[in-house]
Amino acid sequence: MSIPNGHQRRPRILFAVTGSVAAVKGPEIAVRLVKELGFDVRILLTHGGENFWNADDEWKEWQKLGDPVLHINLRDWADLLLVAPLSAHTLAKISNGLCDDTLSCVLRAWDYGHGLRPGKPLLLAPAMNTAMWEHPLTKLQLQTIQGFWNTADTTSRRQQLSSSSTYNDDESSSNDNNTVHIISPQVKNLACGEIGNGALASVDEILKVCRSHAHKR
Amino acid sequence: MSIPNGHQRRPRILFAVTGSVAAVKGPEIAVRLVKELGFDVRILLTHGGENFWNADDEWKEWQKLGDPVLHINLRDWADLLLVAPLSAHTLAKISNGLCDDTLSCVLRAWDYGHGLRPGKPLLLAPAMNTAMWEHPLTKLQLQTIQGFWNTADTTSRRQQLSSSSTYNDDESSSNDNNTVHIISPQVKNLACGEIGNGALASVDEILKVCRSHAHKR
Amino acid sequence: MSIPNGHQRRPRILFAVTGSVAAVKGPEIAVRLVKELGFDVRILLTHGGENFWNADDEWKEWQKLGDPVLHINLRDWADLLLVAPLSAHTLAKISNGLCDDTLSCVLRAWDYGHGLRPGKPLLLAPAMNTAMWEHPLTKLQLQTIQGFWNTADTTSRRQQLSSSSTYNDDESSSNDNNTVHIISPQVKNLACGEIGNGALASVDEILKVCRSHAHKR
Ligand SMILES: Cc1cc2nc3c(=O)[nH]c(=O)nc-3n(C[C@H](O)[C@H](O)[C@H](O)COP(=O)(O)O)c2cc1C
Ligand SMILES: Cc1cc2nc3c(=O)[nH]c(=O)nc-3n(C[C@H](O)[C@H](O)[C@H](O)COP(=O)(O)O)c2cc1C
Ligand SMILES: Cc1cc2nc3c(=O)[nH]c(=O)nc-3n(C[C@H](O)[C@H](O)[C@H](O)COP(=O)(O)O)c2cc1C
């Protein structure tokens, strides 16, 4: 998919789609990432994202020591990772370190700027039913993932989390020291018939955030 | 299943059964909920509950934006939710926000009284091997779920949890401000041949708790 | 597999293998446990460990109340449990109490010395990509599991965890009061082509730890 361009190459985005109803926006996002932003795009679907592409398939392709490991290759290939929509279930898996499919394995091995490797932006666009969004675990788990960033010392991270009683999506996510960026959902008529917060951010908003992180590289 | 009754309708209970050996009590509980308590009952089985009724099946029924979403419909339909038996695995999933089957999706979207929607009772009847019951995570996770109730401020919830060194099932579960009700297991000869705590509460006890929460509506 | 030996019997080890690339070392470890250490060995593979042996299979063998329950039987049979390699995913499951396969059910019902039953050693040999190993959750989850040991009071356990800012694998794991023993990974050329920490400990090291815990019985 990558087109050589003199000495430069296009920014690479791994675009993951999970099992939220908002997955219907996937094709539009993918096309615009290529056409409007000039990204080199690879797409990763969870089981819930309707195509099964899991760790089992990885094992099928892997025959012997020395063969490439897909989730590690994808992580190395990508300059940034966008998960849009991010389902409640995959959110819970990432924040707890569970990794039973390729996306969650990529995220378990993601470069959060810990250890010796430089960090890479992770852009999360949650989309879910309003009651799911307002469930107390949602914010806690988004904060936990933001706390993965650049923290050798997990204790101070935990203290930080438990002392911040207010959670302001936009402020914390635009913080330059924290490149886990939450693309907040919007208030809308949801697919389940309710009106409330939890709808996927607009495609324009998602593309704006991708563009800004492409420039930061 | 619902029989119109003048202006009133019967209280609706969503009765979920998970993969504990105590699932053999399911039919008795269901029949008595209808006959003795006059409930309108819907039954939901996890994979471990021996019938697979998961989010995949939900997606099969769902064709386009505007179609009903099963786990949201069940949540809206129910006046209360009884999980009996509640397995250790489903307990861990609820307390961590994981939602890969219909029951766990219903619970992720449950009305705990947070946000703007009024809360609905959630009745949990754990049943497991004694060592599983005595594992330190069991109480911690039951407390975490009780803490979901009506907590906009997740920080104060966490502080509450970590400062309460003693856990008294019966006191905390009969607290009127907290409508996640734990129906404590009993000491018995367990299916695995041990004698100890962890057996499903008696059917009489389960029905008593369901009746008391039907009246509270 | 057990050979009667006068009045004594051989120490029994349940040897579990999860879906890390280091699973290729499994046969060597198994053979040497028998030949060099005289263990009576039973082997348990997770799905990732390439043979599926999960709770569903357990249910197939289980017909009626009174039948043996496999994960309880294995726990009762074993004198100690070795998980080598321990994958990041199974680590996350154990530390969160998730139990959707036989190994995680054995671990959910393990005798950690809590309640009235005496504890049995649990030996964990993690093996994973360097970035996975350095992810802040890895140490936190290993500490959480060590904290299961002999803790009636979960609050003091949590306080302990959050106040220990440094984590020294070897010191904490050789502590006699704590028989969850972490067999630390080593720095090596990993299967994914990186050089770093996260490779399975040497088989010699694994056998040394098994031997020392066989003697402690
Ligand atoms: C019709 C339908 C719509 C759904 N929409 C959402 C949603 O918008 N957000 C969400 O978090 N989960 C939603 N779910 C539930 C997820 O599909 C379910 O939790 C699944 O296990 C997620 O898997 P994944 O995170 O691996 O993609 C929906 C399920 C169905 C059947
Ligand atoms: C014969 C048998 C009996 C079991 N009994 C219990 C039990 O009483 N409680 C429990 O928590 N798990 C029990 N399990 C383990 C669960 O079935 C397993 O954790 C499963 O993954 C639970 O899935 P679910 O929570 O989605 O139903 C049993 C398993 C078997 C094979
Ligand atoms: C080729 C290949 C190599 C892998 N190596 C590891 C590894 O060394 N450590 C690890 O934690 N996960 C590794 N994984 C990912 C696990 O297989 C995946 O998380 C799986 O769900 C683990 O399941 P289990 O813990 O039930 O065995 C690897 C995956 C593939 C495809």
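What about A:Ile29, is it crowded, with 16+ Cβ neighbours inside 10 Å, at pLDDT below 80 and under 13 Å from A:Ala84 (Cβ atoms)?
Numbers: crowded, with 16+ Cβ neighbours inside 10 Å: yes; at pLDDT below 80: no; under 13 Å from A:Ala84 (Cβ atoms): yes.
Taking the combined requirement at face value, the residue does not satisfy it.
If I filter the range B:98-137 down to residues being charged (D, E, K, R) and more than 16 Å from ligand 3 (Cβ to nearest atom), which single residue comes out as modelled with the lowest pLDDT? I'd like the intermediate steps shown before the answer.
Taking the range B:98-137 and keeping what is charged (D, E, K, R), we get B:100-101, B:108, B:111, B:117, B:120, B:134.
Pick out the ones that are also more than 16 Å from ligand 3 (Cβ to nearest atom) and you get B:101, B:108, B:111, B:117, B:120, B:134.
Details: B:Asp101: 83, B:Arg108: 94, B:Asp111: 90, B:Arg117: 74, B:Lys120: 89, B:Glu134: 92.
Per the criteria, the residue is B:Arg117.
Only one of the listed residues (C:Ser165, C:Ser173) is modelled with pLDDT under 90, away from chain B (no Cβ under 14 Å) and outside any helix (DSSP H, G or I). That residue is C:Ser165. The set of residues in the range B:8-25 that are assigned to a helix (DSSP H, G or I) and free of Cβ contacts under 8 Å to residues at least 24 places away in the same chain contains only B:Val24.
Under the condition of being touching a residue at least 60 places away in the same chain (Cβ under 8 Å) and β-branched (Val, Ile, Thr), which residue from the range A:105-150 is nearest to the other protein chains (Cβ to nearest Cβ)? That would be A:Thr130.
The values are calculated or read from the model by the stated rules, or taken from the named source; none is laboratory data. Just so we're clear, the structure is a prediction, and the values are computed from it rather than from any experiment. Note that we place each Cβ from the backbone using ideal geometry, even for glycine, and neighbour counts take in every protein chain shown.
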